[in-house]
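Take a look at the structure below.
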Amino acid sequence: MGKILFLIIIAILIFWLIKIQKTKRNNPKDSIESIEDMVVCSYCGTHIPKNEALSNENNQYFCSAKHRELHIKP
């Protein structure tokens, strides 16, 4: 009885380890493609992804249109 229980536990552990390995291989977060360039808002200093940032003609980046307008005003 003890040997059967031991073998069942070993089988469950092997199944669990295989499942974890499959999950790690299919996880898109670990791929290099998911890394985005970050830029700093020229007005407030907040770090934001470059594809979400707004820019002006001087290649300055802003987190919102309001910050872009406030940066232009003296």
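What follows draws every value from the coordinates through simple rules; no lab data is involved. Predicted model only: the values in this text are computed from it and were never measured. Don't worry about glycine lacking a Cβ; one is built from the backbone with ideal geometry, like all the others, and counts go over all protein chains shown.
Projecting the Cα atoms of M1, L54, I72 onto the dipole axis of the chain, where Lys and Arg carry +1 and Asp and Glu carry -1 at the beta carbon, places M1 farthest toward the positive end. Peptides 19-25, 59-65 ranked from most to least packed by the mean count of surrounding Cβ atoms within 10 Å: 59-65, 19-25.
Across the chain, the longest piece that holds none of the GluC sites (Glu not before Pro) lying in DSSP loops with up to 13 other C-beta atoms within 10 Å covers 1-35.
Averaging 1/r over each pair of different alpha-carbon atoms in the chain and inverting the result gives 16.5 Å, the Kirkwood hydrodynamic radius. Calculated mean residue ellipticity, 222 nm, the chain: -14500 deg cm²/dmol, from DSSP H runs (n ≥ 4) at -39500 (n - 2.57) each, averaged per residue and rounded to 500. One decimal place: the segment E36-K3 gains 6.7 nm when fully extended, by the rule 0.36 nm per residue minus the C-alpha distance.
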